[in-house]
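The values are calculated or read from the model by the stated rules, or taken from the named source; none is laboratory data. Everything numeric here is computed off the predicted structure, so don't read it as measured data. Methodologically, a virtual Cβ is constructed for each residue, glycine included, from the backbone with ideal geometry; neighbour enumeration extends over all protein chains shown. The accessibility values were calculated without ligands, DNA or RNA, using every heavy atom of the protein model including side chains. Shrake-Rupley method; radii C 1.70, N 1.55, O 1.52, S 1.80 Å.
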Amino acid sequence: MRKYNFSAGPSMLPLEVLERVQSQLLDYEGSGMSVMEMSHRSKPYDAINNEAEALLRELMNVPDNYDIIFVQGGASTQFEALPLNLAHNSNCAKGDYIVSGNFSNKAFKEAQKYGDMVVVASSKDKNFSYIPTTTPDMFRKDADYVHICYNNTIFGSRYIDIPDTNGIPLVADMSSMILSQEVDVSKFGVIYAGAQKNVGPAGVTIVIVRKDLQDLANPLCPTMLKWKTQITEKSLYNTPPCFSTYVALEVFRYLKKMGGVKAMQKINEEKAQMLYDYIDNSKLYTNPIEKKYRSLMNVPFVTTSPELDAKFVKEAGEAGLVSIKGHRLVGGMRASIYNAMPVEGVKALIDFMKKFEQENA
Ligand SMILES: *Cc1c(COP(=O)(O)O)cnc(C)c1O
């Protein structure tokens, strides 16, 4: 029996997508082979690659002056690729970072190896329970980019209004919220996201790069990290993560059928609202994030003690609500409720929370 999997990533995929992938596993569209076994230079794979790009462009409304690539290495590789790709005036990038959680801090730390990096604002003072506000004058006029993490997977906060950078390219790690809500891509210079939260299996990473930012790489940037390499070769410079990209395509098709990102956003808002309302009205559970900045995707919460938290995690698991243990930096619980988590899954969680509250009052 399938369980409600609240893992932060890799995470649930829509059942319909898994069933379709299963039905095509041995013989993809009459090719006589699985996509896993297929040459990335073959006709069927070329069609997968092209359609994945086109559908993602359609779903996110990506303007023509941006290219989309599917690469390997996860979001973490992009932490380093970024300062190596965006060095406008020299071989030493200048990056301004807003640190709103663990991943944005990691991005900053990795970038420090490759240039002159500054933390412009941070919410560390209150254990990342809010998103720091910034004004345009806080950024260096000659910065190559400003980096944000749109949704903080571990702490459970998200941006509401993106920073005004006064024209400096804004780069966003969207790993844990891509395709979950509408975003205006034209406000960003670069967007990147690992697939395993909201898109598909681990192994493929989406990078969306504005055209005027494609020729600014440090000469020492490794060929494989250079966005332009894969942009020129339409993500086929070397062997791509074919199977992951194919499953991502099936997810894109599914999202389109469901009404696109706008429809998903509505469902995601409803799911998150239900869970936060319940937590706020309960006597046992609390969520530490400033209300305005609460994530739609990752909902951390605690009971009154670490011992009771551990009991919750154990009993939830026995009730088929799995991978709900909080990240080790935060403790407690974290319910990741990405696109593929059905409303019924959130309802089942709330029912369990009620029962647990009654039993442990
Ligand atoms: C999961 C995650 C990462 C790390 O992704 P990998 O693909 O494992 O490198 C980076 N940023 C955010 C926001 C994430 O949620």
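When DSSP beta bridges are limited to those with both residues in the chain, what percentage is antiparallel, rounded to the nearest 5?
Values: 20 of 39 bridges.
Roughly 50 percent of the DSSP beta bridges within the chain come out antiparallel.
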Check your understanding: Roughly how many nanometres apart are two label points built 7 Å out from the Cα toward the Cβ at Asp142 and Glu19?
Key -> 6.0
Practice item. Pop a pseudo-label 7 angstrom from the Cα along the beta-carbon direction at both Lys314 and Lys256 and give the gap in nm to one decimal. Key: 4.9
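Go through Ser104, Ser186 and list them by solvent-accessible area, largest first, probe radius 1.4 Å.
Ser186, Ser104
Reported to two decimal places, what Rg/Rh ratio describes the range 260-360 when computed on Cα atoms with Rh from the Kirkwood expression?
On the way: Rg = 13.0 Å, Rh = 13.8 Å.
Rounded to two decimals, Rg over Rh is 0.95.
From the convex hull of the Cα coordinates of the chain, what is the mean projected area in square nanometres?
Values: hull surface 71.4 nm².
Mean projected area of the Cα convex hull: 17.8 nm².
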Study note, to complete from the structure: For the range 154-302, Rg(Cα) over 2.2 N^0.38 Å is 1.22
Check your understanding: Once fully extended, how much extra length lies between Met33 and Asp280, figured as 0.36 nm per residue of separation less the alpha-carbon to alpha-carbon distance?
Key -> 83.8 nm
Review point. Among Ala335, Ala316, Ile279, whose Cα lies farthest out toward the positive end of the dipole of the range 260-360, if unit charges sit on the beta carbon of Lys, Arg (+1) and Asp, Glu (-1)?
Key: Ala335
Check your understanding: Rounded to the nearest 10 Å², what accessible area does Leu329 show when all protein chains are kept and the probe is 1.4 Å?
Key -> 90
Exercise for review: For Lys124 and Asn238, compute 0.36 nm times the residue count separating them, minus their Cα-Cα distance, and round to one decimal in nm.
Suggested key: 37.1 nm
Review point. Of Asp137, Asp280, Asp67, which has the most accessible area with a 1.4 Å probe, and how do the rest follow in descending order?
Key: Asp137, Asp280, Asp67
**Study point:** Links that overshoot a 27 Å alpha carbon limit, given the list Lys257/Lys325; Lys234/Lys271; Lys3/Lys354; Lys109/Lys291; Lys113/Lys291; Lys197/Lys256
**Key:** Lys257/Lys325; Lys234/Lys271; Lys109/Lys291; Lys113/Lys291
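Charges at C-beta only: +1 for Lys and Arg, -1 for Asp and Glu. How large is the resulting dipole of the range 214-295 about its Cα centre, in Debye rounded to 20? List each step's numbers first, then the result.
On the way: 13 positive and 8 negative charges, 37 e Å.
Charge dipole of the range 214-295: 180 debye, to the nearest 20.
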